[in-house]
Amino acid sequence: MKRMSSKALMFAFLGIFVLFFLIPVLWLLLAVTKNGTTLDALSPYSFGSWHDLRVNWDAVWSFQDGAVRTWLLNSVYYALLALVITLAVSVPAGYALAKMDFGGRRFLLITTLVVMLMPTAALV
């Protein structure tokens, strides 16, 4: 009985957090379907219109003569470049750690595992 109540409390707590984070995302998804007038007039969680969605989408893509498209392509380019560099360094290093025996190998493996366990924000 005590175990069930603690699980129920945990799920209720997690449910509150899910709502806390998903409600603003839902609002963002619905806000793009409205124009300035209907954004104030309609309920925050009601759907606007497909026409307003199309107008807003076109406005984003035409912003500063298509700068958003350039930004998107730059993001894809840098993400792919980072992926290639990470793979080029990590795969040989992982192979060397797995197959070779050298001094400091155990310390390096333990350090790698500890760093992987820590959240990135804590490392920064």
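The values are calculated or read from the model by the stated rules, or taken from the named source; none is laboratory data. Nothing here was measured: the structure is a model prediction, and the numbers come from that model. All Cβ positions, glycine included, derive from the backbone under ideal geometry; neighbour counts span all protein chains shown. These accessible areas exclude ligands, DNA and RNA; they are computed on the full protein's heavy atoms, side chains included. Shrake-Rupley method; radii C 1.70, N 1.55, O 1.52, S 1.80 Å.
Which residue pairs have Cβ atoms under 7 Å apart, sit 6 or more places apart or on different chains, and have a first residue in region 110-124 that is touching a residue at least 12 places away in the same chain (Cβ under 8 Å) and a second that is open to solvent by 100 Å² or more (accessible area, probe 1.4 Å) and assigned to a helix (DSSP H, G or I)?
Every condition considered, no pair remains.
Just for region 90-101: of the residues that are surrounded by 10 or more Cβ atoms within 10 Å (Cβ to Cβ) and of a type in the set (A, V, I, L, M), which one is modelled with the highest pLDDT?
Here is the first cut: in region 90-101, the residues surrounded by 10 or more Cβ atoms within 10 Å (Cβ to Cβ) are 90-97.
Within this subset, residues satisfying the condition of being of a type in the set (A, V, I, L, M) are 91, 93, 96-97.
Numbers: VAL91: 95, ALA93: 88, ALA96: 87, LEU97: 85.
Taking the candidates together, the pick is VAL91.
Any idea which of LEU28, LEU87, LEU113, LEU81 is open to solvent by 80 Å² or more (accessible area, probe 1.4 Å) and either modelled with pLDDT of 95 or more or not in a helix (DSSP H, G or I) (or both)? Steps first, please.
On the way: LEU28 fails: either modelled with pLDDT of 95 or more or not in a helix (DSSP H, G or I) (or both); LEU113 fails: either modelled with pLDDT of 95 or more or not in a helix (DSSP H, G or I) (or both); LEU81 fails: open to solvent by 80 Å² or more (accessible area, probe 1.4 Å).
One residue alone meets the criteria, LEU87.
Being under 23 Å from ALA31 (Cβ atoms), among the β-branched types (Val, Ile, Thr) and in contact with a helix residue (DSSP H, G or I) (Cβ under 9 Å, 6 or more places away or on another chain) narrows it down to one residue among VAL55, VAL60; which is it?
Result: VAL60 is the single residue among VAL55, VAL60 that is under 23 Å from ALA31 (Cβ atoms), among the β-branched types (Val, Ile, Thr) and in contact with a helix residue (DSSP H, G or I) (Cβ under 9 Å, 6 or more places away or on another chain).
Can you tell me how many residues within region 38-65 are open to solvent by less than 70 Å² (accessible area, probe 1.4 Å), touching a Lys or Arg at 6+ places or on another chain (Cβ under 9 Å) and assigned to a helix (DSSP H, G or I)?
Here the count works out to 4.
If THR120 satisfies all but one of (1) polar (S, T, N, Q); (2) open to solvent by 70 Å² or more (accessible area, probe 1.4 Å); (3) modelled with pLDDT of 90 or more, what's the number of the condition it fails?
Only one criterion in (1) polar (S, T, N, Q); (2) open to solvent by 70 Å² or more (accessible area, probe 1.4 Å); (3) modelled with pLDDT of 90 or more is unmet by THR120, namely (3).
Can GLY104 be described as surrounded by 11 or more Cβ atoms within 10 Å (Cβ to Cβ) and of a type outside the set (A, V, I, L, M, F, W, C)?
Working: surrounded by 11 or more Cβ atoms within 10 Å (Cβ to Cβ): no; of a type outside the set (A, V, I, L, M, F, W, C): yes.
Answer is no for this residue.
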